[in-house]
Amino acid sequence: MRGMLAGLAAGLLALVVAYFLGEPRVDSAIGYEEAHSHAHEHGVEAVSRTMQSTGGLATGVLVYGVAFGGIAALAYCFALGRIGRFGPRASALLLSVAGLLAVYVVPFLKYPANPPSVGDPDTIGKRTTLYFLMMVLSVLLAVATVILGKRLAPRLGNWNATIAAGAFFVLTIGLAYAFLPAVNEVPKDFSGTLLWQFRLAALAIQLTLWTAFGLVFGFLAERVLAPKPAAGDRQEVTAGATPVAH
């Protein structure tokens, strides 16, 4: 429950970023698509663009944030105590950073987000499969990296083991980048500035979501895992202390 609440709070912040940074780029990309579509029909939209960019966006981001928070909290419970002697807050933030890198940044660098009008509709199934394959590989290799680092630590020391495990992750991800097919379906006359603004906005949304979740959930988790004594409890402890004779 605390994970879902933290996910909701993080989703609210991500919604603000998505509305002010992402939606203007989506509108520009839709304008490009309409201007270059030879078969564009001026019919009645099932869902208006205004509803998509407000109520639809809010519903999608917040529902995603709640589900994301619940799943991340389960992963946190499993990882707690297994990734080192970190406190609740540090563990939450560390898990968020690792999750951001493994779940989003690594796949994003191979298959970055594209705005509307970029991509062949006939290849959407292939592109989706490749993206999720890259994401699964990234997560599995991240888990393998942590296990490898813990196995090497007794023999190499924490510092050398961390470097060796990190090198393993970079090498294996590089091999995945090299062997998985590339996807480049950006129209030649599409604005490069708009494309990178959209991709940076998508990255900013995920960065906000993961970082905010790590901070909020770490605070909520600490209150359960390492509660501070109440004022009354501290007074009782002080009153019950045995005076020392001078």
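Taking only C-alpha pairs under 8 Å that are 6+ residues apart, what is the relative contact order of segment 72-211 in percent?
The value is 35 percent.
I want to verify a result. In a Gaussian network model of the chain, Cα cutoff 10 Å, which of these has the top mean-square fluctuation: Gly149, Gly218, Gly69?
Residue with maximal mean-square fluctuation among Gly149, Gly218, Gly69: Gly149.
Using a probe of 1.4 angstrom, how much of the accessible area of the chain is carbon and sulfur, in percent?
Taking all protein chains in place, the chain shows 69 percent carbon and sulfur surface.
Please build a GNM for the chain, connecting alpha carbons under 10 Å apart, and tell me which residue among Ala75, Ala35, Ala144 fluctuates the most.
Ala35
Check each of the GluC sites (Glu not before Pro) in segment 12-112 and keep only those in coil by DSSP with at most 12 other C-beta atoms within 10 angstrom; list them in order.
Sites meeting the loop and neighbour criteria: Glu41, Glu45.
For Rg and Dmax of the Cα atoms in Å, the choices are (1) 26.1, 72; (2) 21.1, 68; (3) 23.5, 96; which was calculated from the structure?
The calculated read-out lines up with (3).
Subtract the Cα-Cα distance of Leu12 and Thr50 from 0.36 nm times their separation in residues, and report this length gain in nm to one decimal.
Full extension from Leu12 to Thr50 adds 11.8 nm.
Kyte-Doolittle mean at least 1.6 and Cα extent at least 18 Å along the axis: which DSSP H helices of the chain qualify?
Membrane-span-like by this rule: 2-17, 57-79.
How much FRET efficiency would the formula 1/(1 + (r/R0)^6) give for Tyr177 and Thr123, where r is the Cβ-Cβ distance and R0 is 25 Å, rounded to 0.05?
According to the calculation, E is roughly 0.85.
Per residue, how many Å² of accessible area does the chain show with a 1.4 Å probe?
About 63 Å² of surface per residue is accessible.
FRET efficiency for Val143 and Ala35, Cβ-Cβ distance as r, R0 = 51 Å, nearest 0.05?
The value I calculate is 0.65.
Could you let me know the centre-to-centre spacing of segment 118-132 and segment 84-101, using Cα atoms, in angstrom?
Taking the Cα centre of segment 84-101 as reference, the centre of segment 118-132 is 32 Å away.
The values are calculated or read from the model by the stated rules, or taken from the named source; none is laboratory data. Predicted, not measured: the structure shown is a model, and the values here were computed from it. Note that each Cβ is placed from the backbone with ideal geometry, even for glycine, and that neighbours are counted across all protein chains shown. Remember, those area values only see protein heavy atoms, side chains included, never the ligands or the DNA or RNA. Shrake-Rupley method; radii C 1.70, N 1.55, O 1.52, S 1.80 Å.
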